Amino acid sequence: PGPAAPGVARGAWVHVRRRELPVGGRVAPDAVEAEEGRLRAASNQAAEDLMALSERVDAAGHDDEAAIFMAHAAMAADPALVDTAAARIRDELEDGVAAIVAAGAQVAAMLAALDDEILSARAADVVDVADRIARLLAGLPVEESLLPSPAVVVADDLSPSLTATLPRENILGIVLEAGSPTAHAAILARAYGIPAVVGATGVLSALEAAGPHAQLA
């Protein structure tokens, strides 16, 4: 594991994870046009929501971090991402959820393959944006009440938007199995003064074996 944001935290742990998206959806040939329309409407909504999130983060005094979500808004409105998903609806008869998730994974894989740590880390941002669009299409809440009381947040990884929308007063610290110090979740943790560790492989299985009342320090 490696440090991502300085500080010390102690408390009960919570495995934070969103509800799973439905996968493998299909559309009938005569529903393709309507499904593409739903996809584009969800993309526009995601862009608007991300701009609003950027404004909230900026109003809290984190202008550099607000720029992250403005960039996400631009990704949501990027024709390249949405057009790739729309083509999958037309050619593969995938529904909008399956198509945007696949399109996001495709673009993310291209970024992850780049020989540049910062650019390759942006792969997670594309997946985050695609996930937001998919959740809108599936009718799932984008911002869920996942942390009702103070705890150390433990997860495989945290998307930037989930990190920003968790109640700050309840985040004692963050421990991630994946991630890197240059990932936006780590950047946001530093900005908000939240102690964070990334790359802690095996921490979830160890904690689950220890039980729900184990303390993290």
Legend entry - Packing rank of 93-106, 37-50, where each peptide gets the mean count of other beta carbons within 10 Å, highest leading: 93-106, 37-50
Inset, instruction - Could you work out the relative contact order of the chain, using alpha carbon pairs under 8 angstrom and six or more residues apart, expressed as a whole percent? - result: 32
Legend entry - Residue-averaged [θ]222 nm for the chain, counting only DSSP H segments that reach four residues, each worth -39500 (n - 2.57): -17000 deg cm²/dmol
Inset, instruction - Compute, for ARG19, the solvent-accessible surface of its heavy atoms (probe 1.4 Å) with the complete set of protein chains present, and express it in square angstrom to the nearest 10. - result: 130
Inset, instruction - Summarise the accessible area of the chain (1.4 Å probe, protein heavy atoms) by the percent that is carbon and sulfur. - result: 57
Inset, instruction - Hey, can you find the accessible area per residue of the chain for me, probe 1.4 Å, expressed in square angstrom? - result: 48
Legend entry - Segments 126-137, 53-64, 110-121, 75-86 sorted - mean Cβ within 10 Å per residue, highest first: 126-137, 75-86, 53-64, 110-121
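The values are calculated or read from the model by the stated rules, or taken from the named source; none is laboratory data. For clarity, every value in this text was computed on a predicted model and none was experimentally measured. Reconstructed Cβ throughout: ideal geometry from the backbone, glycine too, with neighbour counts over all protein chains shown. Note: areas computed on protein heavy atoms with side chains; ligands, DNA, RNA excluded. Shrake-Rupley method; radii C 1.70, N 1.55, O 1.52, S 1.80 Å.
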